[in-house]
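The values are calculated or read from the model by the stated rules, or taken from the named source; none is laboratory data. In this text, all values refer to a predicted model and were calculated from it rather than measured experimentally. Please note: Cβ atoms are built from the backbone with ideal geometry, for glycine as well, and neighbour counts cover all protein chains shown. The accessibility values were calculated without ligands, DNA or RNA, using every heavy atom of the protein model including side chains. Shrake-Rupley method; radii C 1.70, N 1.55, O 1.52, S 1.80 Å.
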Amino acid sequence: MITSIDLVKEAYALAKRGDHRGLRKLIADDATWYPAKEGAWNPCPDADWIVRTLLWRCGPANRFRPGETIELGDSVVLQLRGTRMGRLGARGFRGKLFQIVEVRGGKIVRMQDYPGREEALAAAGLQA
């Protein structure tokens, strides 16, 4: 059985390669994705929007990729690495952005960005 971390890493790898069909198979139809701060960009209300957003984020312009990861059963907390992260709500000199990805039934069901490590760990129920 594939772990949550493996599924998330596979989704980012498929997005980096531009494989939208393979990526779409990993995301539930009713999945959602919320930004780190309101107004940074519109939330993604369904899987098709999530696929487009992941392809854009992982493409040549931004080159987002997962860095440090923490698996919490059906959820994964990850630090995203890449360029131009500040415009998506990242904080700090080098612009760090964190994300919680929820996985159920072998598919991604929810994604939420956070501007800092403390916020992401608190939302996941862990102490920073």
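Computed with every protein chain present, the accessible area of ASP29 is close to 110 Å² [probe 1.4 Å].
The mean accessible area for residues of the chain, using a 1.4 Å probe and ignoring ligands and nucleic acids, is 55 Å² per residue.
Taking loop as defined by DSSP and a crowding limit of 14 other beta carbons within 10 Å, which trypsin sites (Lys or Arg not before Pro) in the range 1-60 fit? Loop-located and lightly packed - LYS37.
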